[in-house]
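The next block holds one structure in the form of structure tokens; read it before the comments.
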């Protein structure tokens, strides 16, 4: 029964994507705004998680401000889906300059085209899927750790999109050995750095609240002495299919002994960089994502002492 249900969901989504791919960008943007209102208000999709996050990070914000942010977030998420569909037909090597601008591109290219391994981290911010697609389009091959989708048909389809331009994918379960080999061969590893890691993760401050992070991200960088780059793909100008790919900061274990002195210091560093990036376009963060949880009592006391 489940395979049949999964295939039906996959077929419906593929049909929707086929329709989206035929739409002009302005019509797609208008449709996303209308659907965003439905998702945010009448349907209240993931309203509890979104409100918990907004209350935790913006305790002084008014209900009107939070409502506006919820609505803008849903518009971003729906537009993100449209842009992924459009990219396959409308974003090519011959016209990428019409859609993409780079910030600190020399820093990004110096490391990604160099001879040392690189750990490239981003978050649930902007259109990170397009970031991986464009990176491959530019001829920069990366290995990306991602969780397999529960729907096998959707997983295969999303996986084909991600691999289309040279982005290799690996499931997060049991990936350590392959990641080590990749970095030893001077490869580029890319990861979403704002995944909840559970009570035993590395707890640091993220946007003013405790967040649990996977220790592996910092360990990959430190063990391989690979520079860690924080990069984002942010929509700019308030228009669909217009992005800025930016390299925000670099932490090099061979040069920055303070930042790279421990797993905790490096983890806190990249969370601080991601928080600064999100501050530039708050509506483009996944506020429905369960990023923040209540830390164990012992961890909470330690974080309070560290903050003091």
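The values are calculated or read from the model by the stated rules, or taken from the named source; none is laboratory data. Predicted model, so just to flag it, every value in this text is computed and none were measured. Glycine gets a Cβ as well: all are built from the backbone with ideal geometry, and neighbour counts include every protein chain shown.
The rows are residues; the columns are (1) surrounded by 13 or more Cβ atoms within 10 Å (Cβ to Cβ); (2) touching a residue at least 60 places away in the same chain (Cβ under 8 Å); (3) more than 24 Å from residue 280 (Cα to Cα); (4) more than 24 Å from the chain's Cα centre (by Cα).
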position	(1), (2), (3), (4)
12	no, no, yes, yes
17	yes, yes, yes, no
41	yes, no, yes, yes
60	no, no, no, yes
63	no, no, no, yes
78	yes, no, no, no
Original post:
Which of the helices (runs of 4 or more DSSP H) contained wholly in the range 1-80 include at least 3 residues that are at pLDDT 95 or above, out of contact with any helix residue (DSSP H, G or I) (no Cβ under 7 Å at 6 or more places or on another chain) and under 22 Å from residue 279 (Cα atoms)?
Top reply: 47-57
Subject >> Positions within the range 188-197 being in contact with a strand residue (DSSP E or B) (Cβ under 6 Å, 6 or more places away or on another chain) and either within 30 Å of residue 54 (Cα to Cα) or not in a strand (DSSP E or B) (or both), in sequence order >> reply: 190, 191, 193, 196, 197
**OP:** Could you list, in sequence order, all residues of the range 146-171 that are within 17 Å of residue 112 (Cβ to Cβ) and either exposed (fewer than 14 other Cβ atoms within 10 Å of the Cβ) or out of contact with any helix residue (DSSP H, G or I) (no Cβ under 8 Å at 6 or more places or on another chain) (or both)?
**Re:** 168
**OP:** Hey, could you check the range 276-292 for residues that are buried (at least 16 other Cβ atoms within 10 Å of the Cβ) and closer than 22 Å to residue 200 by Cα and say which is modelled with the lowest pLDDT?
**Re:** 289
Original post:
Exactly one of (1) at positive phi; (2) out of contact with any strand residue (DSSP E or B) (no Cβ under 8 Å at 6 or more places or on another chain); (3) crowded, with 16+ Cβ neighbours inside 10 Å is unmet by residue 174. Its number?
Top reply: (3)
**OP:** Report yes if some residue within the range 245-257 is within 30 Å of residue 26 (Cβ to Cβ), under 17 Å from the mean Cα position of the chain (by Cα) and not in a loop (DSSP other than H, G, I, E, B); otherwise report no.
**Re:** yes
Original post:
So residue 224 clears everything in (1) crowded, with 20+ Cβ neighbours inside 10 Å; (2) within 19 Å of residue 132 (Cα to Cα); (3) more than 19 Å from the chain's Cα centre (by Cα) except one condition, right? Which one?
Top reply: (2)
